[in-house]
Amino acid sequence: MAKSSDGTSALTRTLAVLDAFTTDAPFLSLTQIHQRSGIPMSSVHRIAAELVSHGLLEPAAGRTYRLGNRLWEIGSKTPGALGLREIAEPYLRRLHDAAGQHVQLAVRIDTDVLILERISAPDAVVNGSIVGGRIPIQHSSSGLVFLAFGEPGLLEQVVAQGIRQATPAGPRTAEALRDEVEATRRRGFARADGWIHPASRGLAVPVRGSEGVVVGALGAVIPNDASSPRRTIDLLRETAHHISDALLRAYLPAGHPRALPGGSLRALVSSSAESMRYLERRHRRPAAD
């Protein structure tokens, strides 16, 4: 792969341009992309033009650009993110009907939590989560799930980056964070009272895929008051079990009696049984059809 004079590859520079766009800065000029990415202006011009030609960037008002819809199309083919979201969504809606407030689904990217989906009530307590947004893993109940049940060594990686509180209620030291992670392991769920906002309590449980690997975190944000969170925790656990079961059924061999209908689409699409059978038949047809 071709590299620039500073040793960075073309792919690395292209990703830096795309990463310049964030949920709080969805529209950027070429100058802003240059400033936020650190890529030379001449390269930004060339990379942006190429991305536009492929639909990965789109021109917007005021000589700015936004991420293109083709990125969403590509992302929709990702079983680990949008595939998980699609499979989990009907269970997430039932959870919200029962629990109210906010319910959400997250995955991990590096030492951050990425929010895949969030369903909220109009009068719910404060929640700082944004779909497609990231939260530092040490600040959230979903993050505690990944630290407690995820990859070995992740906790020490987070500790090495330094402990930074979002509010005074969060862990102040590495030892305090380790204690919270151990408590999460013991009880099987995470609890973060006022870690992101003083009025809010985060609760989360793991969502597991094949061989018990944690593939996501199912969470709720409820008022941080004297009420017991037990009912919400029970609902989270029950819902996570259903999502995990649906994930396993999505990857069973097509002829298995418990396999979900839909063929190769099962890991990406969740629809009615009749719709899934129709889509499976349709995708089996020869290309000429």
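Assorted remarks:
- In a reduced charge model with +1 at each Lys and Arg Cβ and -1 at each Asp and Glu Cβ, the chain shows a dipole moment near 520 debye about its Cα centre.
- Theoretical FRET efficiency, 1/(1+(r/R0)^6), r = Cβ-Cβ of Leu18 and Ala98, R0 30 Å, to 0.05: 0.20
- Cβ-derived FRET efficiency at R0 30 Å, Arg237 paired with Ser275, nearest 0.05: 0.55
- The magnitude of the dipole of segment 194-273, with charges of +1 and -1 set on the Cβ of Lys/Arg and Asp/Glu and taken from the Cα centre, is near 80 debye.
- Trypsin sites (Lys or Arg not before Pro) restricted to segment 187-289 and DSSP loop, no more than 14 other C-beta within 10 Å: Arg258
- Relative contact order (%) - criterion: Cα under 8 Å, at least six apart; region: the chain: 14 percent
- Of the options (1) 136; (2) 190; (3) 119, only one is volume of the Cα convex hull per residue in Å³ as computed from these coordinates, and that is (2).
- Spin-label pair Arg164-Thr8: with each label point 7 Å from Cα along the Cα-Cβ axis, the two points sit 2.0 nm from one another.
- Restricted to Cα atoms, segment 79-250 shows a radius of gyration and a Dmax of 14.6, 43 angstrom.
- A simple spin-label model places the labels of His256 and Ser120 3.7 nm from each other, with each point 7 Å out along Cα-to-Cβ.
- Here the contact order of segment 79-250, divided by its residue count and restricted to Cα pairs under 8 Å and six or more residues apart, works out to 23 percent.
- Charge-dipole axis of the chain as Lys and Arg at +1 and Asp and Glu at -1 on Cβ define it, positive-most pick from Leu18, Leu155, Ala81: Ala81
Each value in this text was obtained by applying a stated rule to the coordinates, not by laboratory testing. Small disclaimer: the values here were computed from a predicted structure and weren't measured. Quick reminder, even Gly has a Cβ in these numbers, built from the backbone with ideal geometry, and neighbours come from all protein chains shown.
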